[in-house]
Every structure is written in C-alpha cells, then in structure tokens.
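Peer 1: After the structure tokens below, expect a handful of questions from me.
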Amino acid sequence: MEPASSSAREARKALGKRLAEIRNTAGLTKRALSVNLGWHESKASRFESGTRAPSERDLRDWCRACGADSEVEDLVTTARGIEGMYVEWRNMEGNGLKWAQESTLPLWDRTQHFRFYSPWLIPGPVQTASYIKALLTSIRDRRGVIDDVDSAVEVRLEKQKIVYTPRTFAILLEESALYHRVGGTEVMAGQLGYLLSAMALPRVSVGIIPRITNRPLMPVEGFFMFDDHTVKVELVSAHLTVIQRHELAMYARTFGDLADLAVYGSAARELITAAIDSLE
C-alpha cells in the first residue's frame, strides 16, 4: 500500500538518493549492480526513485554488492522509520490498546514542548480516567481490537503524569469539542471540570477557539506536535507521523494561526463553564 503521507514519499526519495550515492561511490551502474544481485534493472531504478520500498534484505544485498556494509544498519533504521510514518490502526493495535499506548512512551519522554490542536475531543494530557475509558471502549468496539481497555487506561494515566514535570503544554480546542458528550453527561461534566483545574497548572496553556467568531482559517484535522521534530495525526483508518521539515513548518504555522483565534484565561473558562451548564 502506498503511504498517504507526502512525508513518507519524500523520505523514501531521500533513501533512494542515498542508495544511488552508495552505488556511484562503488563505481557501479544500475545495470551492473542488478546483474550482480540477479535483479531486473528496473528494481534498482524503482528503489533509487523512491517508487518502491526496499526490504531489509534488499538493503543488505545492495550494501554488500557495493562494498558498503558499514552503511547497512543506518539504512535499515531509516527504512523502518519510513515504514512507520503511515500505520493502519489494525496493525498498530493488533496486539491491543495497551501496546499501542506504550508504543508512544519514548516520544513523550524525550519531548519538552507539546502542542495539541483538537477540533473534536479533549486531548490526552488533560483527560480524566472516565473520559479515557469511554474513548478507548469506543475504539475497541469500532475497530474490533483486543479487549484490554482497563490496562490501556492505566498506561494512559501513568503517561499523563508528565504534565507535572518541567515541560510545557499548549492545548488548543475548538469550542465544539466541549460539547461532544463522550461517555455521557456525567463523564463529560467531570472531564470539563478537570479541564478547568488543568488550566491552573503553571506549564499548561489552554486556548478555546469560539464557535461564533470571524475566522480566516477553518478547523483542520486534529494534530499533536512534539517539539519541532514530529507531528502525529489520527486518521479514520491509520496513524500518520510527519517528520519532513517543510510539513512540520506548515503545522507549526497553522498552530500559531489557530492560537491567534483562541481565547484564554477567564474568557476560556467562561466557554467551558457554559458547556458544563449545558449538561444540566
């Protein structure tokens, strides 16, 4: 399946360029390399153009033929990273929701500045246990994954303790996210109350983009930024990772533009309080 992300396509092209450089350094033409490996010449061409992803065995064979065994491990690591840019949920959650939650821990641990934009849901760092359970239960039922919701909730709650560490969190919500009754009225009331409390944390900034406002930028897909090196986007069918610089710059610029539309402090609290009052 061809990844839907231009990040993956550009990264694959960059990998192909490195393979071409290794081949040229070895003084081999694509034809000579292909004959050496028993391949059709078009196979090498597709690898170098980025239109086909090489397997780990392909990479090892390529480096062996070019006398560049020292390049193998770096190339394999790069290829694995590209493969991970677009991962279908059925693959990511194949071992259960707990495993999927645990897989993000290294990224969270090394991030210092978090930026979250959500048009539909309250994002992870400021979710209550009941809200998390309702979300994960919905995912379990919709995607038909292993029923390990309780264990996954525990991992998620442990991960949320990061908001009490010396890191910064900038959270932007569309006002509509305050009105989607995830888990029912009681769960949502508790979640919105906790969101008010989280706003008092010294390193947490919460901005709400009002539903009634003149806006040059309409809502976009929800996305999570980790420092300036990674963006995560949750699609209907898959989990998307963005690492290309020009795309990261677009997300950073979009986050800044959305932040300019948001209200903060007492104005944000008024919108959250109004959403709580609507639950009655």
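Peer 1: Rounded if a/c is under 1.5, else prolate if a/b beats b/c, else oblate: with a ≥ b ≥ c from the C-alpha gyration tensor eigenvalues square-rooted, which is the range 36-90? Mind dumping the intermediate values first?
Peer 2: Working: a/c = 2.63, a/b = 1.44, b/c = 1.82.
Judged from the Cα gyration tensor, the range 36-90 comes out oblate (a/c at least 1.5, b/c at or above a/b).
Peer 1: Considering the alpha-carbon set of the range 211-275 alone, what are its Rg and its Dmax in angstrom?
Peer 2: 14.2, 40
Peer 1: Something else about it: Report, in deg cm²/dmol and to the nearest 500, the calculated mean residue ellipticity at 222 nm for the chain, where each DSSP H run with n ≥ 4 adds -39500 (n - 2.57) and the sum is divided by the residue count. Write out the running numbers ahead of the final one.
Peer 2: Numbers: 13 runs with 146 residues, N = 280.
Rounded to the nearest 500, the figure is -16000 deg cm²/dmol.
Peer 1: Could you work out the relative contact order of the range 87-277, using alpha carbon pairs under 8 angstrom and six or more residues apart, expressed as a whole percent?
Peer 2: Rounded, it is 28 percent for the range 87-277.
Peer 1: Right, here's the next one. If you average the alpha carbon positions of the range 61-125 and of the range 202-280, how far apart do those two centres end up, in angstrom?
Peer 2: First find each Cα centre; the distance between them is then 23 Å.
Peer 1: Based only on other Cβ atoms within 10 Å, what is the fewest-to-most ordering of Val72, Val35?
Peer 2: By the 10 Å Cβ count, ascending: Val35, Val72.
Peer 1: Shifting gears a bit: Filter Lys159/Lys232; Lys43/Lys232; Lys17/Lys98; Lys13/Lys232; Lys13/Lys159; Lys13/Lys98 down to the pairs with a C-alpha to C-alpha distance above 27 Å, please.
Peer 2: Violating the 27 Å limit, Cα to Cα: Lys43/Lys232; Lys17/Lys98; Lys13/Lys159; Lys13/Lys98.
Peer 1: Further question on the same structure: Is the shape of the chain best called rounded, prolate or oblate, per the rule: a/c under 1.5 gives rounded, else a/b larger than b/c gives prolate, else oblate, with a ≥ b ≥ c the square roots of the Cα gyration tensor eigenvalues?
Peer 2: It is prolate, given that a/c is not under 1.5 and a/b is the larger ratio.
Peer 1: Over the Cα atoms of the range 57-116, what radius of gyration and what Dmax do you get, in Å?
Peer 2: My reading of the Cα-based Rg and Dmax gives 16.1, 46 Å.
Here, each number is a calculation from the coordinates, and none is a lab measurement. None of the values given here were measured: they were computed from a predicted structure. Cβ coordinates were reconstructed from backbone atoms using ideal geometry, including for glycine residues, and neighbour counts include every protein chain displayed.
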